[in-house]
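The values are calculated or read from the model by the stated rules, or taken from the named source; none is laboratory data. Predicted model, so just to flag it, every value in this text is computed and none were measured. In this analysis, Cβ positions are derived from the backbone assuming ideal geometry, glycine residues included, and neighbour counts consider all displayed protein chains.
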Amino acid sequence: MESHWGLPEGNPWSTPFAHALLHHLDLFPGAKVLDVAAGGGIPAFYIADQVGPQGHVLAVDVHQSQVLRSRSMQGSRLPWLQFEVGDMRQLPPDLPKFDRITGNIAFMFFRPDRPTALKNLVRFLKPGGQIVLTWPTQGTFDSLWQRVRREMESRQLAVELERFQEYLDERPSTDDAKGWLCELGMEKVETAEWPLEIETGPGKEFLGHPLLRSGFLDDVYECFDDPAKAEEFMQTIAADLNSFLPLTAQRGVLSAWAPDEKR
Ligand SMILES: C[S@@+](CC[C@H](N)C(=O)[O-])C[C@H]1O[C@@H](n2cnc3c(N)ncnc32)[C@H](O)[C@@H]1O
């Protein structure tokens, strides 16, 4: 089936993650798909295009603004694609069951109780259905975190260092995710990591980088009680960019299948 709605090529974050997700997703025309953490519709639009009018894609996001934005991009196209507000950790129990569940750059938002959130989500899979989730795994930007740790240690910032370690430990690894899905009785549980190098310059470009700032650098700033101290600390790190290049994210992929009820 020819694709009419591709992934946006200029997107440096969601699209590479979606490529990893789609590599592991077994999609077919007519499939009923639930896409969680749908955001601006990557990869919901692409998936809807692939499943065609015999299929259905329900794309949920917890933020109404995202849902409204996606609906306005959609207009009257792909009418079998539906954007709705919903929390993927607690979807309404009367939802139908799906052939596939996808979530691009989604798994880190399953907190605080990731195993329960996973359990709540996979119950919407039909027997023999597949779930594929992606997220930046624990190895993401390791070289940067090592540099941050060294700087905190050399400045004897014990409180900040402890908070920073908590932040690092909180991020799920592919092994964590695999274990939780195996415990749920899912089959053919597979994980993969796809490296993705992020380009940036030093100083302000690094500190204001749209991919790094929210979700990564902000977590370091939050280790400090004093914003001025945080700013001075981060400027030191930003000026020393060459010591932690390349800056590599790991696109984690988790794929698993619900048991087939015939067996
Ligand atoms: C990094 S964006 C990814 C969006 C899209 N899948 C993409 O690849 O561009 C994560 C999205 O998850 C949504 N989100 C966060 N927590 C959520 C939750 N509990 N339930 C549903 N969506 C959630 C956010 O609103 C945001 O749009």
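Laid out as a table, the results:
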read-out: Matching option when the condition is modelled with pLDDT of 95 or more, acidic (Asp, Glu) and closer than 30 Å to Phe124 by Cβ, among Glu187, Glu261, Glu232; value: Glu187
read-out: Glu160 being surrounded by 16 or more Cβ atoms within 10 Å (Cβ to Cβ), at pLDDT 95 or above and not assigned by TED's automatic domain parsing to the domain that holds Asn104; value: yes
read-out: Lys126 part of a strand (DSSP E or B), at pLDDT 95 or above and basic (Lys, Arg); value: yes
read-out: Sole exception among (1) within 12 Å of the ligand (Cβ to nearest atom); (2) in contact (Cβ under 8 Å) with a residue 40 or more places away in the chain for Leu27, by number; value: (1)
read-out: Count of region 30-39 residues which are surrounded by fewer than 17 Cβ atoms within 10 Å (Cβ to Cβ) and within 8 Å of the ligand (Cβ to nearest atom); value: 0
read-out: Qualifying residue in region 1-17 (condition: part of a strand (DSSP E or B), away from the ligand (no atom under 14 Å from the Cβ) and surrounded by fewer than 21 Cβ atoms within 10 Å (Cβ to Cβ)); value: no
read-out: Ala192 being hydrophobic (A, V, I, L, M, F, W, C), modelled with pLDDT of 95 or more, surrounded by fewer than 18 Cβ atoms within 10 Å (Cβ to Cβ) and closer than 21 Å to Thr248 by Cα; value: yes
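This table checks each residue for (1) touching a Gly at 6+ places or on another chain (Cβ under 9 Å); (2) touching a residue at least 40 places away in the same chain (Cβ under 8 Å); (3) within 24 Å of Pro16 (Cα to Cα).
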{"residue": "Ile47", "(1), (2), (3)": "yes, yes, yes"}
{"residue": "Ser65", "(1), (2), (3)": "no, no, yes"}
{"residue": "Gly75", "(1), (2), (3)": "no, no, no"}
{"residue": "Ile101", "(1), (2), (3)": "yes, yes, yes"}
